[in-house]
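One structure is given here, and the rest of the page talks about it.
The values are calculated or read from the model by the stated rules, or taken from the named source; none is laboratory data. Given the structure is predicted, the values throughout are model-derived calculations rather than measurements. Note: ideal-geometry Cβ built from the backbone for every residue, glycine included; neighbour counts use all protein chains shown. Ligands, DNA and RNA are stripped out before the accessible areas are found, and what is left, the full protein with its side chains, is counted by its heavy atoms. Shrake-Rupley method; radii C 1.70, N 1.55, O 1.52, S 1.80 Å.
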Amino acid sequence: MYRYRNLILMIACITLLSFMGIAVFAQQSAGIELNVVDSEGVAVSNAVFRIYKAATAVQNQNGYDFTWDTDFALNGMNINNLSDAYLPVHLAVYAQSRDIGYTEVTTDADGNIVIEDLSLGAYLIIPVSVPDGYIPPSPFVVTLPMRGASDGEWSFYVNASPKVEADRQEPEKTYISVKKEWYTFNTHPNNVKTVLLKDGEIVDSIVLSAENNWYFKWEDLDKNHCWNVIETDVPKGYEVAYDISEMTVMVKNIEINPDDNPPNNPSDDSTNGTTKPDKDTTPPDQLIQTGQLRWPIPFLAITGLLIFSSGWAMLYIGKEG
Amino acid sequence: MKKKLGIALMAVGVICIAAAVALLLYNYTENKNAGKSSAIIMDSLRMEISKNEVENTASDPFDTEMEIAEIDGNGYIGYISIPILDLDLPVMAEWSYDKLKAAPCRYYGSAKTDNLVIAAHDYSNHFGYIGNLKPDDTLMFTDINGKVYSYKVTSVDLVMPSDTDKVKDTGDDLILYTCNYGGTKRICVRCSYLK
(Lines give C-alpha, C1' and ligand atoms only; values in the text may rest on other atoms or scores of the structure.)
Protein backbone atom coordinates (compact mmCIF):
# COMPACT_ATOMS: atom_id res chain seq x y z
CA MET A 1 0.00 0.00 0.00
CA TYR A 2 2.90 2.30 0.98
CA ARG A 3 4.61 1.49 -2.31
CA TYR A 4 1.46 2.44 -4.27
CA ARG A 5 1.17 5.69 -2.35
CA ASN A 6 4.66 6.70 -3.54
CA LEU A 7 3.79 5.79 -7.09
CA ILE A 8 0.63 7.90 -6.97
CA LEU A 9 2.59 10.81 -5.51
CA MET A 10 5.18 10.49 -8.27
CA ILE A 11 2.52 10.50 -11.02
CA ALA A 12 0.85 13.52 -9.39
CA CYS A 13 4.16 15.41 -9.31
CA ILE A 14 4.89 14.63 -12.96
CA THR A 15 1.39 15.73 -13.96
CA LEU A 16 1.72 18.95 -11.96
CA LEU A 17 5.11 19.72 -13.50
CA SER A 18 3.74 19.12 -16.99
CA PHE A 19 0.90 21.57 -16.40
CA MET A 20 3.32 24.09 -14.94
CA GLY A 21 5.35 23.77 -18.09
CA ILE A 22 2.30 24.51 -20.21
CA ALA A 23 1.40 27.45 -17.99
CA VAL A 24 4.90 28.85 -18.29
CA PHE A 25 4.75 28.43 -22.05
CA ALA A 26 1.27 30.03 -22.30
CA GLN A 27 2.63 33.09 -20.58
CA GLN A 28 5.59 33.31 -22.98
CA SER A 29 6.04 37.03 -23.31
CA ALA A 30 7.11 38.76 -26.46
CA GLY A 31 7.64 42.27 -27.69
CA ILE A 32 7.93 44.58 -30.66
CA GLU A 33 10.47 47.32 -31.24
CA LEU A 34 9.87 49.89 -33.94
CA ASN A 35 12.64 52.05 -35.35
CA VAL A 36 11.06 54.68 -37.55
CA VAL A 37 13.47 56.31 -39.98
CA ASP A 38 13.16 58.34 -43.17
CA SER A 39 14.66 57.41 -46.53
CA GLU A 40 17.95 59.05 -45.47
CA GLY A 41 18.09 56.89 -42.36
CA VAL A 42 17.31 59.79 -40.02
CA ALA A 43 15.20 58.92 -36.98
CA VAL A 44 11.63 60.27 -37.06
CA SER A 45 10.30 61.29 -33.66
CA ASN A 46 6.68 62.02 -32.69
CA ALA A 47 5.23 59.56 -35.18
CA VAL A 48 2.07 58.03 -33.73
CA PHE A 49 0.97 54.44 -34.36
CA ARG A 50 -2.02 52.35 -33.30
CA ILE A 51 -1.47 48.72 -32.43
CA TYR A 52 -4.31 46.20 -32.69
CA LYS A 53 -4.10 42.58 -31.68
CA ALA A 54 -5.68 40.76 -34.63
CA ALA A 55 -4.91 37.10 -34.05
CA THR A 56 -3.67 34.65 -31.42
CA ALA A 57 -0.83 32.18 -31.91
CA VAL A 58 -0.83 28.68 -30.44
CA GLN A 59 2.11 26.32 -30.78
CA ASN A 60 1.73 23.10 -32.72
CA GLN A 61 4.18 20.38 -33.70
CA ASN A 62 5.58 22.32 -36.65
CA GLY A 63 5.46 25.86 -35.37
CA TYR A 64 2.49 28.08 -34.59
CA ASP A 65 -1.16 28.21 -35.58
CA PHE A 66 -2.76 31.64 -35.84
CA THR A 67 -6.48 32.22 -35.43
CA TRP A 68 -8.32 35.54 -35.83
CA ASP A 69 -9.39 37.15 -32.58
CA THR A 70 -13.15 37.67 -32.28
CA ASP A 71 -12.97 41.35 -33.26
CA PHE A 72 -11.25 40.45 -36.54
CA ALA A 73 -13.15 37.24 -37.30
CA LEU A 74 -15.33 38.80 -40.00
CA ASN A 75 -12.66 40.62 -41.98
CA GLY A 76 -13.03 38.26 -44.95
CA MET A 77 -9.38 37.27 -45.44
CA ASN A 78 -7.83 33.91 -44.77
CA ILE A 79 -5.62 33.73 -41.68
CA ASN A 80 -3.09 31.74 -43.74
CA ASN A 81 -2.45 34.91 -45.76
CA LEU A 82 -0.70 36.65 -42.85
CA SER A 83 2.29 37.31 -45.04
CA ASP A 84 0.14 38.79 -47.81
CA ALA A 85 1.40 42.31 -48.45
CA TYR A 86 -2.16 43.57 -48.88
CA LEU A 87 -3.52 42.06 -45.66
CA PRO A 88 -2.52 45.04 -43.45
CA VAL A 89 -4.26 47.50 -45.81
CA HIS A 90 -7.43 45.42 -45.74
CA LEU A 91 -7.30 44.94 -41.96
CA ALA A 92 -6.60 48.64 -41.32
CA VAL A 93 -9.85 49.73 -42.99
CA TYR A 94 -11.68 46.93 -41.21
CA ALA A 95 -10.27 47.83 -37.77
CA GLN A 96 -10.80 51.58 -38.11
CA SER A 97 -14.41 51.14 -39.13
CA ARG A 98 -15.20 49.18 -35.98
CA ASP A 99 -15.04 49.75 -32.29
CA ILE A 100 -11.96 47.61 -31.67
CA GLY A 101 -9.56 48.25 -28.80
CA TYR A 102 -6.02 49.42 -29.61
CA THR A 103 -2.90 50.86 -27.99
CA GLU A 104 -1.53 54.17 -29.24
CA VAL A 105 2.23 54.70 -29.09
CA THR A 106 4.56 57.54 -30.15
CA THR A 107 8.19 57.40 -31.27
CA ASP A 108 10.77 58.94 -28.94
CA ALA A 109 13.55 61.35 -29.93
CA ASP A 110 15.49 58.42 -31.50
CA GLY A 111 12.47 57.30 -33.52
CA ASN A 112 12.01 54.24 -31.28
CA ILE A 113 9.01 52.53 -29.73
CA VAL A 114 9.40 49.51 -27.49
CA ILE A 115 6.34 47.48 -26.54
CA GLU A 116 6.89 44.59 -24.18
CA ASP A 117 4.91 41.86 -22.45
CA LEU A 118 2.75 41.13 -25.48
CA SER A 119 0.97 37.82 -25.82
CA LEU A 120 1.67 35.68 -28.86
CA GLY A 121 -0.31 36.54 -31.96
CA ALA A 122 -0.48 38.86 -34.94
CA TYR A 123 -0.40 42.62 -34.40
CA LEU A 124 -1.70 45.16 -36.87
CA ILE A 125 0.22 48.45 -36.74
CA ILE A 126 -1.38 51.49 -38.34
CA PRO A 127 0.31 54.89 -38.62
CA VAL A 128 -1.91 57.64 -37.21
CA SER A 129 0.25 60.69 -37.78
CA VAL A 130 3.80 61.59 -38.79
CA PRO A 131 5.57 64.93 -38.47
CA ASP A 132 4.98 67.54 -41.18
CA GLY A 133 6.94 66.96 -44.36
CA TYR A 134 6.58 63.18 -44.26
CA ILE A 135 4.17 60.73 -45.84
CA PRO A 136 2.96 58.06 -43.38
CA PRO A 137 4.08 54.47 -44.06
CA SER A 138 1.57 51.79 -44.99
CA PRO A 139 0.03 49.71 -42.21
CA PHE A 140 1.87 46.47 -41.49
CA VAL A 141 1.47 43.27 -39.51
CA VAL A 142 3.98 41.81 -37.06
CA THR A 143 3.57 38.25 -35.87
CA LEU A 144 4.82 37.12 -32.50
CA PRO A 145 6.74 34.95 -32.71
CA MET A 146 8.19 35.63 -36.17
CA ARG A 147 10.22 33.07 -38.07
CA GLY A 148 13.58 34.27 -39.30
CA ALA A 149 13.81 34.22 -43.10
CA SER A 150 17.41 32.94 -43.09
CA ASP A 151 17.77 30.69 -40.04
CA GLY A 152 14.12 29.62 -39.59
CA GLU A 153 14.37 30.36 -35.88
CA TRP A 154 11.37 31.78 -34.03
CA SER A 155 11.97 35.29 -32.58
CA PHE A 156 9.82 36.45 -29.71
CA TYR A 157 11.14 40.00 -29.82
CA VAL A 158 10.70 41.50 -33.27
CA ASN A 159 12.32 44.62 -34.61
CA ALA A 160 10.51 46.47 -37.40
CA SER A 161 11.74 49.57 -39.23
CA PRO A 162 8.87 51.24 -41.08
CA LYS A 163 10.19 53.90 -43.43
CA VAL A 164 8.52 57.25 -43.87
CA GLU A 165 9.05 59.06 -47.13
CA ALA A 166 9.60 62.79 -47.34
CA ASP A 167 6.66 64.57 -48.97
CA ARG A 168 8.13 65.68 -52.28
CA GLN A 169 5.21 67.97 -53.06
CA GLU A 170 5.75 67.20 -56.72
CA PRO A 171 2.73 67.29 -58.99
CA GLU A 172 3.48 63.83 -60.35
CA LYS A 173 0.53 61.67 -61.33
CA THR A 174 -0.04 57.96 -61.02
CA TYR A 175 -2.86 55.51 -61.48
CA ILE A 176 -4.20 52.36 -59.88
CA SER A 177 -6.48 49.78 -61.41
CA VAL A 178 -8.53 46.94 -59.98
CA LYS A 179 -9.44 43.64 -61.58
CA LYS A 180 -11.84 41.05 -60.18
CA GLU A 181 -11.44 37.28 -60.32
CA TRP A 182 -13.91 34.68 -59.08
CA TYR A 183 -12.89 31.24 -57.89
CA THR A 184 -16.10 29.25 -57.72
CA PHE A 185 -17.91 26.42 -59.46
CA ASN A 186 -21.24 28.06 -58.78
CA THR A 187 -22.79 31.29 -59.94
CA HIS A 188 -21.19 34.24 -58.22
CA PRO A 189 -22.76 37.61 -57.32
CA ASN A 190 -23.54 39.90 -60.26
CA ASN A 191 -21.50 42.74 -58.86
CA VAL A 192 -19.16 43.61 -56.05
CA LYS A 193 -18.00 46.88 -54.53
CA THR A 194 -14.35 47.89 -54.18
CA VAL A 195 -13.06 51.07 -52.56
CA LEU A 196 -10.11 53.32 -53.32
CA LEU A 197 -7.94 54.24 -50.34
CA LYS A 198 -5.81 57.37 -50.14
CA ASP A 199 -3.32 56.96 -47.29
CA GLY A 200 -5.70 54.43 -45.77
CA GLU A 201 -8.85 56.59 -46.04
CA ILE A 202 -11.74 55.61 -48.31
CA VAL A 203 -12.07 58.28 -51.00
CA ASP A 204 -14.03 56.53 -53.76
CA SER A 205 -15.81 53.30 -54.60
CA ILE A 206 -16.67 51.43 -57.74
CA VAL A 207 -19.05 48.55 -58.42
CA LEU A 208 -17.37 45.92 -60.56
CA SER A 209 -19.58 43.80 -62.78
CA ALA A 210 -19.68 42.16 -66.20
CA GLU A 211 -20.69 45.56 -67.58
CA ASN A 212 -17.27 47.05 -66.89
CA ASN A 213 -15.59 43.71 -67.52
CA TRP A 214 -14.85 43.47 -63.79
CA TYR A 215 -12.17 46.13 -64.21
CA PHE A 216 -11.70 49.78 -63.30
CA LYS A 217 -8.80 52.23 -63.43
CA TRP A 218 -8.40 55.39 -61.40
CA GLU A 219 -6.16 57.90 -63.16
CA ASP A 220 -4.56 61.27 -62.37
CA LEU A 221 -3.84 60.31 -58.78
CA ASP A 222 -1.33 62.35 -56.78
CA LYS A 223 1.86 60.32 -56.63
CA ASN A 224 2.75 61.84 -53.26
CA HIS A 225 0.14 59.68 -51.59
CA CYS A 226 -0.28 55.99 -51.00
CA TRP A 227 -3.11 54.49 -53.09
CA ASN A 228 -4.71 51.11 -52.52
CA VAL A 229 -7.86 49.28 -53.52
CA ILE A 230 -9.68 46.81 -51.31
CA GLU A 231 -13.00 45.01 -51.22
CA THR A 232 -15.06 45.96 -48.19
CA ASP A 233 -18.24 43.99 -48.93
CA VAL A 234 -16.82 40.49 -49.15
CA PRO A 235 -19.72 38.39 -50.47
CA LYS A 236 -21.10 35.87 -48.03
CA GLY A 237 -19.52 32.46 -48.58
CA TYR A 238 -16.32 33.89 -50.06
CA GLU A 239 -12.89 34.94 -48.86
CA VAL A 240 -10.95 37.73 -50.40
CA ALA A 241 -7.29 37.65 -51.43
CA TYR A 242 -5.20 40.22 -53.28
CA ASP A 243 -2.49 40.00 -55.91
CA ILE A 244 -0.63 43.16 -56.82
CA SER A 245 1.18 43.53 -60.09
CA GLU A 246 2.63 46.97 -60.88
CA MET A 247 -0.29 49.29 -60.16
CA THR A 248 -3.03 46.70 -60.72
CA VAL A 249 -4.73 45.10 -57.75
CA MET A 250 -6.23 41.73 -58.49
CA VAL A 251 -9.10 41.13 -56.06
CA LYS A 252 -9.84 37.43 -55.86
CA ASN A 253 -12.97 36.02 -54.27
CA ILE A 254 -12.57 32.39 -53.37
CA GLU A 255 -15.62 30.37 -52.46
CA ILE A 256 -15.35 28.72 -49.06
CA ASN A 257 -16.97 25.63 -47.73
CA PRO A 258 -19.97 26.72 -45.61
CA ASP A 259 -18.62 24.54 -42.79
CA ASP A 260 -15.43 26.59 -42.79
CA ASN A 261 -17.20 29.88 -42.10
CA PRO A 262 -15.56 31.77 -39.26
CA PRO A 263 -17.41 31.85 -35.97
CA ASN A 264 -20.00 34.56 -35.44
CA ASN A 265 -20.39 34.91 -39.18
CA PRO A 266 -23.90 36.27 -39.53
CA SER A 267 -25.88 33.55 -41.16
CA ASP A 268 -29.36 34.94 -40.88
CA ASP A 269 -31.16 35.08 -44.17
CA SER A 270 -31.93 38.76 -43.83
CA THR A 271 -28.29 39.69 -44.38
CA ASN A 272 -28.20 41.16 -47.83
CA GLY A 273 -30.99 38.81 -48.85
CA THR A 274 -34.71 38.69 -49.13
CA THR A 275 -36.20 39.85 -45.86
CA LYS A 276 -38.50 37.36 -44.23
CA PRO A 277 -42.14 38.23 -43.75
CA ASP A 278 -43.59 38.01 -40.24
CA LYS A 279 -46.20 35.63 -41.50
CA ASP A 280 -44.99 33.62 -44.43
CA THR A 281 -48.14 33.91 -46.49
CA THR A 282 -46.53 34.37 -49.87
CA PRO A 283 -44.59 31.53 -51.48
CA PRO A 284 -40.88 32.48 -51.54
CA ASP A 285 -40.84 32.33 -55.33
CA GLN A 286 -43.52 35.01 -55.62
CA LEU A 287 -43.32 38.78 -55.37
CA ILE A 288 -45.46 40.33 -52.66
CA GLN A 289 -49.12 41.07 -53.39
CA THR A 290 -49.15 44.83 -53.02
CA GLY A 291 -52.46 45.81 -54.60
CA GLN A 292 -55.73 46.87 -53.06
CA LEU A 293 -58.82 44.91 -53.98
CA ARG A 294 -60.28 47.30 -56.55
CA TRP A 295 -61.38 45.31 -59.55
CA PRO A 296 -64.63 44.05 -57.92
CA ILE A 297 -65.86 47.62 -57.38
CA PRO A 298 -66.89 48.48 -60.98
CA PHE A 299 -67.95 44.85 -61.54
CA LEU A 300 -70.26 44.85 -58.50
CA ALA A 301 -71.57 48.34 -59.25
CA ILE A 302 -72.41 47.63 -62.90
CA THR A 303 -73.83 44.16 -62.18
CA GLY A 304 -75.89 45.59 -59.32
CA LEU A 305 -77.28 48.35 -61.53
CA LEU A 306 -78.15 45.91 -64.30
CA ILE A 307 -79.89 43.49 -61.94
CA PHE A 308 -81.70 46.30 -60.18
CA SER A 309 -82.82 47.76 -63.50
CA SER A 310 -84.13 44.46 -64.76
CA GLY A 311 -86.04 43.93 -61.51
CA TRP A 312 -87.46 47.42 -61.75
CA ALA A 313 -88.43 46.87 -65.38
CA MET A 314 -90.09 43.59 -64.55
CA LEU A 315 -92.04 45.20 -61.73
CA TYR A 316 -93.15 48.45 -63.30
CA ILE A 317 -92.97 48.11 -67.09
CA GLY A 318 -94.85 44.80 -66.85
CA LYS A 319 -97.46 46.50 -64.63
CA GLU A 320 -97.97 49.32 -67.12
CA GLY A 321 -98.30 46.81 -69.96
CA MET B 1 -94.97 35.74 -59.39
CA LYS B 2 -93.47 38.31 -61.78
CA LYS B 3 -93.81 40.92 -59.04
CA LYS B 4 -91.92 38.75 -56.55
CA LEU B 5 -89.13 38.09 -59.07
CA GLY B 6 -88.85 41.81 -59.81
CA ILE B 7 -88.54 42.63 -56.11
CA ALA B 8 -85.93 39.88 -55.61
CA LEU B 9 -83.83 41.15 -58.55
CA MET B 10 -83.99 44.71 -57.24
CA ALA B 11 -82.88 43.48 -53.81
CA VAL B 12 -79.91 41.58 -55.29
CA GLY B 13 -78.99 44.67 -57.34
CA VAL B 14 -79.06 46.83 -54.20
CA ILE B 15 -76.86 44.31 -52.36
CA CYS B 16 -74.30 44.35 -55.21
CA ILE B 17 -74.22 48.15 -55.27
CA ALA B 18 -73.91 48.26 -51.46
CA ALA B 19 -71.00 45.80 -51.61
CA ALA B 20 -69.26 47.98 -54.22
CA VAL B 21 -69.76 51.07 -52.06
CA ALA B 22 -68.53 49.22 -48.94
CA LEU B 23 -65.38 48.05 -50.72
CA LEU B 24 -64.80 51.56 -52.06
CA LEU B 25 -65.10 52.99 -48.53
CA TYR B 26 -62.82 50.28 -47.10
CA ASN B 27 -60.12 51.03 -49.69
CA TYR B 28 -60.52 54.75 -49.12
CA THR B 29 -60.12 54.34 -45.33
CA GLU B 30 -57.13 52.01 -45.73
CA ASN B 31 -55.56 54.46 -48.16
CA LYS B 32 -56.12 57.38 -45.79
CA ASN B 33 -54.80 55.47 -42.77
CA ALA B 34 -51.69 54.42 -44.70
CA GLY B 35 -50.93 58.04 -45.54
CA LYS B 36 -51.53 59.10 -41.95
CA SER B 37 -49.35 56.40 -40.37
CA SER B 38 -46.53 57.05 -42.87
CA ALA B 39 -46.61 60.76 -42.06
CA ILE B 40 -46.44 60.06 -38.30
CA ILE B 41 -43.55 57.61 -38.73
CA MET B 42 -41.72 60.08 -41.00
CA ASP B 43 -41.67 62.66 -38.19
CA SER B 44 -40.13 60.17 -35.74
CA LEU B 45 -37.74 58.89 -38.38
CA ARG B 46 -36.49 62.37 -39.29
CA MET B 47 -35.82 63.04 -35.59
CA GLU B 48 -33.94 59.75 -35.29
CA ILE B 49 -31.86 60.51 -38.39
CA SER B 50 -31.01 64.04 -37.28
CA LYS B 51 -29.97 62.61 -33.89
CA ASN B 52 -27.67 60.11 -35.65
CA GLU B 53 -26.21 62.90 -37.81
CA VAL B 54 -25.42 64.95 -34.69
CA GLU B 55 -23.79 61.92 -33.09
CA ASN B 56 -21.97 61.41 -36.40
CA THR B 57 -22.53 57.68 -36.31
CA ALA B 58 -19.82 56.15 -38.46
CA SER B 59 -21.02 53.70 -41.04
CA ASP B 60 -19.16 50.42 -41.17
CA PRO B 61 -17.98 49.87 -44.75
CA PHE B 62 -17.57 46.14 -44.07
CA ASP B 63 -21.14 45.77 -42.94
CA THR B 64 -23.36 45.23 -45.96
CA GLU B 65 -26.45 45.13 -43.79
CA MET B 66 -28.17 48.45 -43.25
CA GLU B 67 -28.48 50.04 -39.83
CA ILE B 68 -31.98 49.84 -38.39
CA ALA B 69 -33.83 52.30 -36.17
CA GLU B 70 -36.60 50.98 -33.97
CA ILE B 71 -39.75 53.11 -33.93
CA ASP B 72 -42.94 51.91 -32.22
CA GLY B 73 -41.79 48.31 -32.34
CA ASN B 74 -40.92 48.30 -36.05
CA GLY B 75 -37.46 48.49 -37.61
CA TYR B 76 -36.75 51.10 -40.30
CA ILE B 77 -33.76 51.40 -42.63
CA GLY B 78 -34.47 54.96 -43.77
CA TYR B 79 -36.85 56.77 -46.08
CA ILE B 80 -37.43 57.08 -49.79
CA SER B 81 -38.06 60.49 -51.39
CA ILE B 82 -39.68 60.85 -54.81
CA PRO B 83 -39.83 64.62 -55.41
CA ILE B 84 -41.78 64.38 -58.66
CA LEU B 85 -44.60 62.56 -56.84
CA ASP B 86 -44.16 64.71 -53.73
CA LEU B 87 -43.52 61.62 -51.62
CA ASP B 88 -41.38 61.04 -48.54
CA LEU B 89 -42.02 57.54 -47.20
CA PRO B 90 -40.39 55.54 -44.41
CA VAL B 91 -38.99 52.13 -45.36
CA MET B 92 -39.31 49.23 -42.94
CA ALA B 93 -36.44 46.80 -42.57
CA GLU B 94 -38.60 43.72 -43.11
CA TRP B 95 -41.90 43.13 -44.80
CA SER B 96 -45.21 41.63 -43.78
CA TYR B 97 -48.73 42.35 -45.02
CA ASP B 98 -49.53 44.19 -41.79
CA LYS B 99 -46.39 46.33 -42.12
CA LEU B 100 -47.14 47.12 -45.75
CA LYS B 101 -50.38 48.74 -44.60
CA ALA B 102 -48.32 51.33 -42.70
CA ALA B 103 -45.25 51.91 -44.88
CA PRO B 104 -43.18 50.59 -47.80
CA CYS B 105 -40.94 47.69 -46.83
CA ARG B 106 -37.55 46.43 -47.90
CA TYR B 107 -38.06 43.28 -49.92
CA TYR B 108 -34.41 42.52 -50.67
CA GLY B 109 -30.83 43.77 -50.54
CA SER B 110 -29.14 46.85 -49.21
CA ALA B 111 -28.36 50.35 -50.45
CA LYS B 112 -24.76 49.63 -49.42
CA THR B 113 -24.48 46.83 -51.95
CA ASP B 114 -26.48 48.61 -54.64
CA ASN B 115 -29.22 46.01 -54.86
CA LEU B 116 -31.97 47.42 -52.66
CA VAL B 117 -35.55 46.43 -53.56
CA ILE B 118 -38.48 48.22 -51.90
CA ALA B 119 -42.09 47.04 -52.15
CA ALA B 120 -45.17 49.03 -51.22
CA HIS B 121 -48.92 48.95 -51.67
CA ASP B 122 -50.47 50.83 -54.53
CA TYR B 123 -52.14 53.31 -52.15
CA SER B 124 -52.28 56.74 -53.74
CA ASN B 125 -49.90 58.10 -51.08
CA HIS B 126 -47.54 55.10 -51.23
CA PHE B 127 -46.46 53.62 -54.57
CA GLY B 128 -49.81 54.08 -56.34
CA TYR B 129 -48.36 56.42 -58.95
CA ILE B 130 -44.82 55.09 -59.42
CA GLY B 131 -45.89 53.81 -62.81
CA ASN B 132 -45.96 57.47 -63.92
CA LEU B 133 -42.22 57.89 -63.30
CA LYS B 134 -40.12 58.44 -66.39
CA PRO B 135 -36.46 57.68 -67.17
CA ASP B 136 -34.12 60.31 -65.67
CA ASP B 137 -36.56 61.24 -62.89
CA THR B 138 -34.57 61.43 -59.68
CA LEU B 139 -35.28 59.94 -56.30
CA MET B 140 -33.34 59.56 -53.07
CA PHE B 141 -32.98 57.05 -50.30
CA THR B 142 -31.77 58.39 -46.94
CA ASP B 143 -30.44 55.83 -44.50
CA ILE B 144 -30.64 55.92 -40.72
CA ASN B 145 -27.31 57.74 -40.46
CA GLY B 146 -28.50 60.48 -42.79
CA LYS B 147 -26.48 59.25 -45.76
CA VAL B 148 -28.33 60.15 -48.95
CA TYR B 149 -28.19 57.78 -51.92
CA SER B 150 -29.36 59.54 -55.08
CA TYR B 151 -30.77 57.61 -58.01
CA LYS B 152 -32.22 58.24 -61.41
CA VAL B 153 -34.93 56.16 -63.00
CA THR B 154 -33.63 54.03 -65.86
CA SER B 155 -36.80 52.16 -66.80
CA VAL B 156 -40.32 51.23 -65.73
CA ASP B 157 -41.65 47.82 -66.65
CA LEU B 158 -44.17 45.14 -65.70
CA VAL B 159 -43.15 41.74 -64.37
CA MET B 160 -45.11 38.66 -63.41
CA PRO B 161 -45.45 37.82 -59.67
CA SER B 162 -43.26 34.76 -60.20
CA ASP B 163 -40.41 36.77 -61.75
CA THR B 164 -38.36 37.15 -58.56
CA ASP B 165 -35.16 36.89 -60.59
CA LYS B 166 -36.15 40.13 -62.34
CA VAL B 167 -35.94 42.08 -59.09
CA LYS B 168 -33.13 40.38 -57.15
CA ASP B 169 -29.50 41.15 -58.04
CA THR B 170 -30.39 42.36 -61.49
CA GLY B 171 -27.64 44.97 -61.61
CA ASP B 172 -30.15 47.74 -60.89
CA ASP B 173 -29.00 49.76 -57.89
CA LEU B 174 -32.55 50.29 -56.63
CA ILE B 175 -35.92 48.81 -57.59
CA LEU B 176 -39.33 49.99 -56.38
CA TYR B 177 -42.29 47.81 -57.08
CA THR B 178 -46.02 47.64 -56.50
CA CYS B 179 -49.05 45.90 -58.01
CA ASN B 180 -50.76 47.03 -61.17
CA TYR B 181 -54.50 47.78 -61.07
CA GLY B 182 -55.73 44.21 -61.25
CA GLY B 183 -52.93 42.87 -59.01
CA THR B 184 -51.93 40.40 -61.71
CA LYS B 185 -48.51 41.99 -62.41
CA ARG B 186 -45.93 44.14 -60.64
CA ILE B 187 -44.87 47.59 -61.79
CA CYS B 188 -41.08 47.81 -61.40
CA VAL B 189 -39.23 51.11 -61.36
CA ARG B 190 -35.53 50.45 -61.96
CA CYS B 191 -32.98 53.03 -60.88
CA SER B 192 -29.25 53.56 -61.12
CA TYR B 193 -27.06 55.21 -58.53
CA LEU B 194 -26.03 58.81 -59.16
CA LYS B 195 -22.50 59.51 -57.89
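Under the condition of being over 10 Å from the mean Cα position of the chain (by Cα), under 17 Å from B:G182 (Cα atoms) and free of Cβ contacts under 8 Å to residues at least 60 places away in the same chain, the residues counted in the stretch B:110-144 number 3.
Candidates B:S110, B:S155, B:S192: the one that is among the polar types (S, T, N, Q) and open to solvent by less than 10 Å² (accessible area, probe 1.4 Å) is B:S110.
Against the test of being modelled with pLDDT under 85 and outside any strand (DSSP E or B), the options B:F127, B:F62 yield a single qualifying residue, B:F62. Scanning the stretch A:65-92 for residues that are open to solvent by 30 Å² or more (accessible area, probe 1.4 Å), in a loop (DSSP other than H, G, I, E, B) and closer than 20 Å to A:G237 by Cβ yields a count of 2. Taken together, B:E48, B:E30, B:E53 contain a single residue that is at pLDDT below 75 and part of a helix (DSSP H, G or I), which is B:E53. Of all residues in the stretch A:295-310, those that are within 18 Å of B:N27 (Cβ to Cβ) have Cβ atoms under 6 Å from Cβ atoms of residues that are loosely packed, with under 13 Cβ neighbours inside 10 Å, 6 or more apart or on another chain, in A:W295/B:G182. Take the conditions (1) within 12 Å of another protein chain (Cβ to nearest Cβ); (2) surrounded by fewer than 19 Cβ atoms within 10 Å (Cβ to Cβ); (3) hydrophobic (A, V, I, L, M, F, W, C); (4) farther than 24 Å from A:V207 by Cβ; B:I68 misses just one of them, which is (4). The one condition from (1) open to solvent by less than 30 Å² (accessible area, probe 1.4 Å); (2) over 30 Å from B:N27 (Cα atoms); (3) touching a residue at least 60 places away in the same chain (Cβ under 8 Å); (4) touching a Phe, Trp or Tyr at 6+ places or on another chain (Cβ under 7 Å) that B:Y149 does not meet is (3).
Scanning the stretch B:154-195 for residues that are within 11 Å of chain A (Cβ to nearest Cβ) and assigned to a strand (DSSP E or B) turns up B:V159, B:I175, B:L176, B:Y177, B:T178, B:C179, B:R186, B:I187, B:C188, B:S192, B:Y193.
Condition check ((1) among the charged types (D, E, K, R); (2) in contact with a strand residue (DSSP E or B) (Cβ under 7 Å, 6 or more places away or on another chain); (3) part of a loop (DSSP other than H, G, I, E, B)) across all residues:
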residue	(1), (2), (3)
B:D88	yes, yes, no
B:K99	yes, yes, no
B:Y123	no, no, yes
B:K134	yes, yes, yes
B:M140	no, yes, no
B:K152	yes, yes, no
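Can you find a residue that is more than 7 Å from chain A (Cβ to nearest Cβ) and modelled with pLDDT under 90 anywhere in the stretch B:75-89? Yes, the conditions are met somewhere in the stretch B:75-89.
Condition check ((1) more than 14 Å from chain B (Cβ to nearest Cβ); (2) open to solvent by 80 Å² or more (accessible area, probe 1.4 Å); (3) at pLDDT 85 or above) across all residues:
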residue: A:A55; (1), (2), (3): yes, no, yes
residue: A:G63; (1), (2), (3): yes, no, no
residue: A:Y94; (1), (2), (3): no, no, yes
residue: A:D99; (1), (2), (3): no, yes, no
residue: A:D108; (1), (2), (3): yes, no, yes
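Scanning the stretch A:178-204 for residues that are part of a strand (DSSP E or B), out of contact with any helix residue (DSSP H, G or I) (no Cβ under 8 Å at 6 or more places or on another chain) and more than 17 Å from A:V240 (Cα to Cα) yields A:K198, A:E201, A:V203, A:D204.
Scanning the stretch A:206-241 for residues being within 11 Å of chain B (Cβ to nearest Cβ), among the hydroxyl-bearing types (S, T, Y) and surrounded by 17 or more Cβ atoms within 10 Å (Cβ to Cβ) gives a total of 1. Regarding A:F49, is this residue open to solvent by less than 50 Å² (accessible area, probe 1.4 Å), more than 20 Å from A:V114 (Cα to Cα) and of a type in the set (F, W, Y)? When the stated conditions are applied, A:F49 does not pass them.
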